[in-house]
1. Please compute the modelled spin-label separation between residue B:62 and residue B:48, points set 7 Å along Cα→Cβ, answer in nm with one decimal.
2. How many times 2.2 N^0.38 Å is the alpha carbon radius of gyration of the protein assembly as shown?
3. For the range B:44-181, what's the relative contact order in percent, using C-alpha pairs closer than 8 Å and at least 6 residues apart?
4. At residue B:274, with labels set 7 Å past Cα in the Cβ direction, how many nm apart are the copies from this one, shortest first?
5. Taking the Cα-to-Cβ direction at residue A:284 and at residue B:287 and moving 7 Å from each Cα, how far apart do the two end points lie in nm?
6. Which value, in nm² and rounded to one decimal, describes the direction-averaged projected area of the C-alpha convex hull of the range A:224-311?
7. Taking each residue of B:105-115 in turn, how many C-beta atoms of other protein chains fall within 10 Å of its C-beta, and what is the average?
8. Since chains B and A are linked by a rotation, which residue in B has the beta carbon closest to its axis, and how far is it in Å?
2 protein chains.
Amino acid sequence: MNYKIDNLQYCNWSREIFQINREAKLDAVHVTIVYHEDYKELLKRIEEWNKHFTENSDLIFHGRNYKDIEKAREQNKTAIFFGFQNCSPIEDDINLIEKVHQLGCRFMQLTYNNQSLLATGCYEKIDSGVTNFGKEAIKEMNRIGIVIDMSHSAEKSTFDAIELSEKPIAITHANPLFWHKAIRNKSNDLLKALAESGGMLGLSLYPHHLKDGTNCNLESFCQMTAKTAEMIGVENIGIGSDLCLKQPDKIVEWMRNGTWTKTKNYGEGSKNKSGFPKQPEWFIDARGFKNLEEGLKKIGFNNTEVEGILGNNWYNFYKNI
Amino acid sequence: MNYKIDNLQYCNWSREIFQINREAKLDAVHVTIVYHEDYKELLKRIEEWNKHFTENSDLIFHGRNYKDIEKAREQNKTAIFFGFQNCSPIEDDINLIEKVHQLGCRFMQLTYNNQSLLATGCYEKIDSGVTNFGKEAIKEMNRIGIVIDMSHSAEKSTFDAIELSEKPIAITHANPLFWHKAIRNKSNDLLKALAESGGMLGLSLYPHHLKDGTNCNLESFCQMTAKTAEMIGVENIGIGSDLCLKQPDKIVEWMRNGTWTKTKNYGEGSKNKSGFPKQPEWFIDARGFKNLEEGLKKIGFNNTEVEGILGNNWYNFYKNI
């Protein structure tokens, strides 16, 4: 097998983008369908996705488990798996976890950048870890089969989630802190604990997570991948590109500000660079998987390892959800 | 002036209870109208209150500012002020703060027992203080005129709120920890900081907050009041009885468990004592204000001080909201 999986995209979805993902031979994409939406607003997002599935049934379909990745390969389509970047759709109700799973949710971040009812986000000053409700939610997510995603969470909360969860968790889109100091990137200790528990790290191609941002070069990215693999094991590494193709800048403003503040928050950006950053030229969209393949081989990974990073590792993880 | 104010009741409201509050000569009561309700559910609670106001217009009316306390005295009625024990009605939207104020909300706890989006509740293991959203919410509550109530909050969060708020805050219903060790009661340092910033402490008559619980005697309560007055100043002390008259036990179960857990949480109670505790015989309802008056005088407070504790201090606080 040599599945190709991008385990995080949040594009301004259109037939054109589904075609690009097909050109990139992606068998599966985990797509963010919610940032700040509550349960009722989630239902609207799902309606929009149902329209995409109907209008592009030759390119995509709704994925629900690992067998849909196999099916996608057979049918030359891309299986779309739903995920949330915040726990807002379950509101304050543990019973909604089962409901969002029925609707197709397979990954849920316990927090976006701020404190949630479940845990602390990476942009808070103090991290109190997984909350009382968070502990109950983790048990329920384990029972139901929704992966705990801690990409935007603070460090203690992430350690807590690794310890509390009976199933491996994921950091679907982030990079190691040793390579590029960003609030969203993760420490060596955390990545080791993640891998020791069987969890997955999806390496991000979002410029704010890359050394030298938009000017990051492929070799540097592949060197980082090699060093990370040495540290935590190559089988725990995949890709979660964080591609936000064709999104207007007002979207990143909404992602950062939601409805929680009246003053403007720039998150990873700044006043002068408040919009979406430009992708590096070797990864302007998922067709960059080809460049990654070459770069990873060049840096010394063998074929099995490269296939693992570009999809098989995520496939194996899905198999165990 | 000698206003009588009970600054926290959550009864199973009926004409009978409004009559009891009139017999007690209460000019104003701050009533909890929300524990876990979201914005839409809040609107239902307000509809229920509008029905109470219509059906009992000879006894109560909806209070909106301190002048309604004066009006209540003139008309021999009780002004009812709305408050929330959780920030759930503003959901994740800072713009709802202005809306709930328009609907009559005058007090809002930043947290109930658990972590909220704004701060940490007293039943969490770790207290990270006021969150990013919480800081914005405090600014907005200050601007709009909603009192920050930290009765059910954890200690660091309460210190944060005192420091961040430009207006005095309140602990509407709790007692000092020195008198009775309960998670909900407050430390000397916290009470001093509260009073130094002009904040108010509403002493609670809820048995779980009382030394010896249901068997607490009036003298002990009044001794505690005297010691507290000595420590933080008598002008910062009022009553927030936390009376839950005629509430069935399933209500306290809902208060504690909401929809955040599938396992049962007993809060201040225990498996064998899971229901509402019995009130001490000298304060079975608001008519106990008469006993408090006698007890406080007996312990050595002068008339002005007693009048302050039983209502005038809250009246002055309302004047500055």
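1. Each label point lies 7 Å from its Cα, and together they span 1.6 nm.
2. On the way: Rg = 28.1 Å, N = 642, 2.2 N^0.38 = 25.7 Å.
For the protein assembly as shown, the normalised Cα radius of gyration is 1.09.
3. 17 percent
4. Values, ascending and in nm: 5.3.
5. In this crude spin-label approximation the distance works out to 8.3 nm.
6. 7.5 nm²
7. 2
8. Spelled out as residue then distance in Å, it is B:128, 2.
Since every read-out is calculated from the coordinates, none of them should be taken as a lab result. For clarity, every value in this text was computed on a predicted model and none was experimentally measured. Using ideal geometry, Cβ is built from the backbone for each residue, glycine included, and neighbour counts are taken over all protein chains shown.
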